[in-house]
Amino acid sequence: MAEFEAQTWCLNKRPLALRKTIEAYMEYLQGLQASEPERARELVGRGDGLRVLAQRGDVSGLADALRAMPRDEILPWFSVKMAQAAAAAGQARCLSFLLSCGLDVSLPPLKYLMHEFCAGMGSVARDAVPQQDVFNCIDAMVATGADVNASRKGDWYTPLHVACQAGSVAAVRALLRYNADINAVGDGDAMPLTLAEEAEANDAVPISESIVTLLVAKGARNTWRRNPAPPRRAPGKNEVDTGQTFTTSYMPMAANGAHDGVGNPKAASRGTGGGVEVASGSVASASVGSNGTGAGPVETAMRDLQIDSEGADEARCFDTEDYA
């Protein structure tokens, strides 16, 4: 009975809903670090404990922990880490619970949460997660603003691309309920059907339902081209792929052996002071400082709460590797 009371409390109180700005949460943690450093470390440790519970899919444990914590101490950083851990582990029921508790999917680090969940579904045993749980999870993400056709920066994959690549029939079926674009084109002309075909060709475990069959029945194609070009060989050493021919190129290298792809030496990405140079709009700090020592957990958490001063759509430091 107590288990259901805690879950009901969380669903009613929505403890993960943001009640102030990210800057305000950061100021709170900074103040706590200055006045009560031991308590600040304990708080950050509790956040990591929440992440572990989410990774295990322990909804009951999460409900009890969230109910016991003061509202001001449930930091956005905790929400992000819990959501990412649950998604990566394919914990559909747990992720649905977090969303019901007010998880804000508009936080920059959660921009591709649906992609992460679809990829995570490929890491669990087939049929280990009930289809209805997957439906409920995708329903909850869509209800909170997630887009089933969002293209991921870098490879331009949609969640359906990722689900097909992961070989998750449950995730594919859930996305098709929302009319996910079955012919979306990703990097390298990758389409959901081609990724599904590759996944099934490499799958040594017999499948009860074919993703390829599901997609073909919906009208999926394995190319967007009217007359597909024949496959081209990969460029050899010192050859540059111009899209039509291969030309030999001897590119000058920087001291670290890098170049920008067109012959210009490229500077090393890590500076001598321990910082990491990144493109503007996504400013990050290295976890190793100039003195060679790693940042403490509280400092890392405070850094994780920072956002770009210009309001870019990328958070300054919600680095998923810090607490992996």
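The values are calculated or read from the model by the stated rules, or taken from the named source; none is laboratory data. No experiment lies behind these values; they were computed from the predicted model shown. Note that each Cβ is placed from the backbone with ideal geometry, even for glycine, and that neighbours are counted across all protein chains shown. These area figures cover heavy atoms from the full protein model, side chains too; ligands, DNA and RNA do not enter into them. Shrake-Rupley method; radii C 1.70, N 1.55, O 1.52, S 1.80 Å.
This table checks each residue for (1) open to solvent by 30 Å² or more (accessible area, probe 1.4 Å); (2) free of Cβ contacts under 8 Å to residues at least 40 places away in the same chain; (3) part of a helix (DSSP H, G or I).
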residue	(1), (2), (3)
A6	no, no, yes
W9	yes, no, yes
P15	no, no, no
L18	yes, no, no
Y28	yes, no, yes
A34	yes, yes, yes
R41	yes, no, yes
A54	no, no, yes
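Evaluated against (1) closer than 19 Å to G219 by Cα; (2) out of contact with any Cys (no Cβ under 8 Å at 6 or more places or on another chain); (3) assigned to a helix (DSSP H, G or I), N183 falls short on exactly one condition, (3). Take the residues of region 127-149 that are of a type in the set (D, E) and in a helix (DSSP H, G or I): which is least open to solvent (accessible area, probe 1.4 Å)? The residue in question is D133. I'd like to know if region 91-99 contains one or more residues that are in contact with a Leu (Cβ under 8 Å, 6 or more places away or on another chain), within 18 Å of A140 (Cβ to Cβ), assigned to a loop (DSSP other than H, G, I, E, B) and free of Cβ contacts under 8 Å to residues at least 60 places away in the same chain. No.
I'm checking my understanding of the structure. Among residues of region 62-71 that are open to solvent by 20 Å² or more (accessible area, probe 1.4 Å) and small (G, A, S), which one is farthest from C137 (Cα to Cα)? Result: A68. Within region 44-51, none of the residues are small (G, A, S), within 21 Å of Y112 (Cβ to Cβ), within 22 Å of the chain's Cα centre (by Cα) and surrounded by 19 or more Cβ atoms within 10 Å (Cβ to Cβ).
Taking region 68-83 on its own, how many of its residues are part of a helix (DSSP H, G or I) and more than 17 Å from the chain's Cα centre (by Cα)? Adding up the residues that qualify gives 4. Within region 72-87, can one find any residue that is touching a helix residue (DSSP H, G or I) at 6+ places or on another chain (Cβ under 7 Å), over 24 Å from I22 (Cα atoms) and buried (at least 19 other Cβ atoms within 10 Å of the Cβ)? No, every residue in region 72-87 fails to be touching a helix residue (DSSP H, G or I) at 6+ places or on another chain (Cβ under 7 Å), over 24 Å from I22 (Cα atoms) and buried (at least 19 other Cβ atoms within 10 Å of the Cβ).
Can we say K111 is surrounded by fewer than 17 Cβ atoms within 10 Å (Cβ to Cβ), more than 23 Å from V212 (Cα to Cα), charged (D, E, K, R) and within 14 Å of the chain's Cα centre (by Cα)? No; evaluated as a whole, the condition is false for this residue.
Taking the conditions exactly as written (touching a residue at least 12 places away in the same chain (Cβ under 8 Å), assigned to a loop (DSSP other than H, G, I, E, B) and either surrounded by 16 or more Cβ atoms within 10 Å (Cβ to Cβ) or over 17 Å from the mean Cα position of the chain (by Cα) (or both)), does V124 satisfy them or not? In short, yes.
Looking at R225, R177, just one residue is of a type in the set (K, R) and at pLDDT below 95, and that residue is R225.
Exactly one residue out of A86, A65 is in a helix (DSSP H, G or I) and within 19 Å of the chain's Cα centre (by Cα), and it is A86. Only residues that are within 22 Å of E200 (Cβ to Cβ) and of a type in the set (S, T, Y): list them for region 99-158, please. S123, Y157, T158 - these are the residues of region 99-158 that are within 22 Å of E200 (Cβ to Cβ) and of a type in the set (S, T, Y).
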